[in-house]
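> Got a structure for you, written out below as structure tokens; questions coming shortly.
The values are calculated or read from the model by the stated rules, or taken from the named source; none is laboratory data. Since we're looking at a predicted model, the values are computed, not measured. Positions of Cβ are backbone-derived with ideal geometry, glycine not excepted, and every protein chain shown enters the neighbour counts. Areas reflect the complete protein model, heavy atoms only, side chains present, ligands, DNA and RNA absent. Shrake-Rupley method; radii C 1.70, N 1.55, O 1.52, S 1.80 Å.
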Amino acid sequence: MRAIAEQVHLVTGATQGIGKETARALARLGARVIVTARDQARGTAVVDELRADSGNQRVELALVDFASFRSVRAFLDEVRARVDRLDVLVNNAGGYFQSRQETEDGHEMSFQVNHLGYFMTTLGLFPQLRAGGSARVVCVSSDAHWGGKVRLDDLDRTRGYAAYGAYAASKLMNLLFTVEAARRFPSTIAINGVHPGVVASGFGLGESGVIKAFYRVARPLLRTSQQGADTPVWLATAPELDGVTGKYWARRQERGMRAAARDKELARRLWEESERLTGVSLPADG
Ligand SMILES: NC(=O)c1ccc[n+]([C@@H]2O[C@H](COP(=O)([O-])OP(=O)(O)OC[C@H]3O[C@@H](n4cnc5c(N)ncnc54)[C@H](OP(=O)(O)O)[C@@H]3O)[C@@H](O)[C@H]2O)c1
């Protein structure tokens, strides 16, 4: 990879938590870092904070709401207009939804935000990832994927919604996508998944129920967002990882993933369905 000061990085969901700390670390290392937010004011505040903290003025904002295909398409156009090459993409934006909610596109929220968001961003920026001759994609997944089941006949979970089940399934999709993308991408684009640990971020706090209670009560025992960002930053930058792709990591160690995450047939069908739903696919010469 080229010197980090010459690299362009993109971190999604960087207003708080793991994404913000990942962006902070990458800015401190000297990369040009594009961070995403849904809200202009929150995003601008983060850019100002990271610029002041890192002394790196090349931190910029792009707005996107992953719960809207329209917004994601506009965001991808915006990024493509700004950069012709992307060295690092950290797919991080995600959430946990206590009750079943639908996006404006009619999809269940965890499916669209947590999975289709990663899918559209990565494939939509594939030409930019390929352009530099060497790029890395990091997908923030979770050990929660062990509790997930991907129902290809009901990806929007219209039958018997359970918040943890929907979240865990979306994190399993992150790994199915990572492993399948590693198969389909040229060797110049490495893509890896990561479990950041159980982190006292903003995660779960906006929800009601058990998840909020857990993240509030257990807070002192959890990893900090900075600790949660450590392995994503390492995956994005460590020279010793050149050429490593399609794997799952935690605490800078390779981690076992569920057999279902390596199910080729399931990954292929999820990929094709994601292409159909989003209208995004790899270029024919990909
Ligand atoms: N915390 C944990 O224990 C834990 C464990 C395993 C994996 N993870 C994963 O880590 C990632 C980051 O989570 P976190 O813990 O840092 O949570 P967080 O503090 O809640 O941050 C989530 C980030 O995602 C953004 N986001 C949420 N919904 C979005 C949407 N519809 N469109 C655009 N951006 C959106 C948020 O932006 P806004 O400011 O606009 O809301 C925020 O920047 C997630 O993928 C999560 O699944 C977390």
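> Can you name the number of the only condition in (1) open to solvent by less than 10 Å² (accessible area, probe 1.4 Å); (2) within 19 Å of Ala5 (Cα to Cα) that Arg58 fails?
For Arg58, the failing item is (1).
> When you scan the stretch 1-89 for strands (runs of 3 or more DSSP E) that lie fully inside it, which ones turn up with 3 or more residues that are in contact with an Asp or Glu (Cβ under 8 Å, 6 or more places away or on another chain)?
32-37
> I need the full set of residues from the stretch 56-72 which are without any contact (Cβ under 8 Å) to a residue 24 or more places away in the chain and away from the ligand (no atom under 13 Å from the Cβ), in order please.
Across the stretch 56-72, the qualifying residue is only Gln57.
> Tally up the residues in the stretch 176-227 that are assigned to a loop (DSSP other than H, G, I, E, B) and either farther than 25 Å from Thr245 by Cβ or of a type in the set (S, T, N, Q) (or both), please.
16
> Every residue in the stretch 212-230 that is surrounded by 13 or more Cβ atoms within 10 Å (Cβ to Cβ), within 25 Å of Gln101 (Cβ to Cβ) and more than 10 Å from the ligand (Cβ to nearest atom), please.
Hit for the stretch 212-230 is Lys212, nothing else.
> Right, something else. I need the full set of residues from the stretch 91-127 which are more than 15 Å from the ligand (Cβ to nearest atom), outside any loop (DSSP other than H, G, I, E, B) and within 17 Å of the chain's Cα centre (by Cα), in order please.
Leu123, Phe126
> Taking the options Arg51, Arg70, Arg24, Arg28, name whichever one is more than 19 Å from Gln226 (Cβ to Cβ) and open to solvent by 10 Å² or more (accessible area, probe 1.4 Å).
Arg70
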